[in-house]
Amino acid sequence: MIAGLLVVGFRGMTVAQAGLIADAIARDGLGGVILFDRDQATGAPRNIQSPNQLRTLTAGLQGLAGERRLIIAIDQEGGRVARLTPATGFPKVASEASIGRLDDVAATTDWGRLIATTLASVGINVNLAPVVDLDVNPRNPAIGALGRSFSADPAVVTRLALAEIRAHHESSIATTLKHFPGLGSATTNTDFGVADVTKTWTRTELEPFQAIIQSGVADIVMAGHLVNRKLDPDRPASLSPAIVTDLLRGELGWAGVVVTDDLQAGAITSAFGAEEAIALAIEAGNDLLLLANQQGYDPNVASKTIDTIEGLVRAGRISPARLDESRLRVEGVLARLAG
């Protein structure tokens with residue numbers, strides 16, 4: 001049950017190269033993997049070489065899971081954040097910002113279909129997109145400057161995100177709303193320092209999340225690594241019960257899966273420690289724990305994290321019932337995935 005709540009990155013173009021992560025899928029029931037085109041530490045290609053290679057890899061990974069559905073996730077937002085690119089034989093995909101300037105639902109649907117059919121063709125079933133942050137700070141190094149947001153207008157963001165999500169559902173691809181409760185006003189990229197949006201964030205930034213949740217089409221929501229002292233004076237959103245449980249689940253009524261942003265992000269591990277970050281993430285109300293394995297590679301990260309959580313259960317800090325709640329939510333998404 002614990003292993004099924006983890007989504008982990010690995011090095012390798014083949015199942016054989018996946019090593020201990022492949023073992024974790026087959027032996028422990030690892031919930032999923034996240035794929036990258038490049039290794040952040042070395043700059044070398046990581047998991048993606050060509051469509052045929054990727055198709056073989058994902059089929060092999062799913063084969064290790066047997067009849068159990070494996071989450072195979074990727075960040076394919078479009079534009080600057082796209083792991084499948086022409087360099088490895090995939091179609092070029094426009095950015096959310098360029099699609100947002102058109103503000104055309106039919107065009108957005110076609111764009112979303114291109115992304116979704118590409119993912120489905122190579123065995124990927126979860127897209128860590130769309131970004132529904134508002135482009136309130138165009139110079140934001142994490143969002144605006146990279147063209148990752150549809151618009152500063154919540155109505156435009158909602159309308160286009162819904163079109164993209166529905167296009168993904170045509171191919172049975174699950175989507176992920178990010179970065180809750182809103183990263184659009186940030187001045188720091190959260191991979192290198194937790195962004196503090198306390199002075200810049202407004203509740204308007206919740207509107208796309210709320211509207212899409214209310215529409216009934218949302219699959220997963222990602223809790224972001226951002227500090228908002230208006231909502232929690234002590235912890236980033238990804239580790240905050242006040243934000244994940246009280247605001248997202250309570251006020252906004254989200255009953256589905258919440259995934260963390262990468263729990264190995266340097267700002268998180270340096271502030272809280274790797275094991276404590278795992279504990280806080282579960283206590284906050286997250287269901288899936290994302291370990292990209294990019295910032296300091298650990299081939300045994302899945303087993304270590306399973307052991308950490310088992311220790312938390314034995315110590316009485318995390319209850320089996322709490323983990324079972326997450327298991328049931330994740331199973332609800334798995335039932336809708338392609339494959």
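The values are calculated or read from the model by the stated rules, or taken from the named source; none is laboratory data. Since the structure is predicted, the reported quantities are computational estimates derived from the model, not experimental observations. When we count neighbours, we look across all protein chains shown, and the Cβ atoms used for this are built from the backbone with ideal geometry, even at glycine. Side chains included, ligands, DNA and RNA excluded: accessible areas come from the protein's heavy atoms. Shrake-Rupley method; radii C 1.70, N 1.55, O 1.52, S 1.80 Å.
Worth a mention:
- Residue within region 56-68 that is part of a loop (DSSP other than H, G, I, E, B), within 15 Å of residue 122 (Cβ to Cβ), out of contact with any strand residue (DSSP E or B) (no Cβ under 6 Å at 6 or more places or on another chain) and modelled with pLDDT of 95 or more present: no
- Any hit, region 303-313, residues being open to solvent by 50 Å² or more (accessible area, probe 1.4 Å), outside any loop (DSSP other than H, G, I, E, B) and within 26 Å of residue 35 (Cβ to Cβ): yes
- Of all the criteria given as (1) under 17 Å from residue 222 (Cα atoms); (2) open to solvent by less than 10 Å² (accessible area, probe 1.4 Å); (3) polar (S, T, N, Q), the one not satisfied by residue 293 is (1).
- Flag for residue 166 being assigned to a helix (DSSP H, G or I), touching a residue at least 40 places away in the same chain (Cβ under 8 Å) and within 22 Å of residue 336 (Cβ to Cβ): yes
- Any hit, region 139-146, residues being open to solvent by less than 20 Å² (accessible area, probe 1.4 Å), modelled with pLDDT of 95 or more and in a helix (DSSP H, G or I): yes
Listed here are the residues, each with its yes/no results for (1) in contact (Cβ under 8 Å) with a residue 12 or more places away in the chain; (2) among the aromatic types (Phe, Trp, Tyr); (3) surrounded by 17 or more Cβ atoms within 10 Å (Cβ to Cβ); (4) within 30 Å of residue 326 (Cβ to Cβ).
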site: 48; (1), (2), (3), (4): yes, no, yes, yes
site: 52; (1), (2), (3), (4): no, no, no, no
site: 69; (1), (2), (3), (4): yes, no, yes, yes
site: 85; (1), (2), (3), (4): yes, no, no, no
site: 108; (1), (2), (3), (4): yes, no, yes, no
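- Among residues of region 170-195 that are farther than 12 Å from residue 261 by Cβ and at pLDDT below 95, those with a beta-carbon under 9 Å from a residue that is open to solvent by 10 Å² or more (accessible area, probe 1.4 Å) and basic (Lys, Arg) at least six positions away or on a different chain give the pairs 187/139.
- Restricted to region 218-244, and to residues there that are closer than 24 Å to residue 335 by Cα and out of contact with any Ser or Thr (no Cβ under 6 Å at 6 or more places or on another chain), the residue that is surrounded by the fewest Cβ atoms within 10 Å (Cβ to Cβ) is 218.
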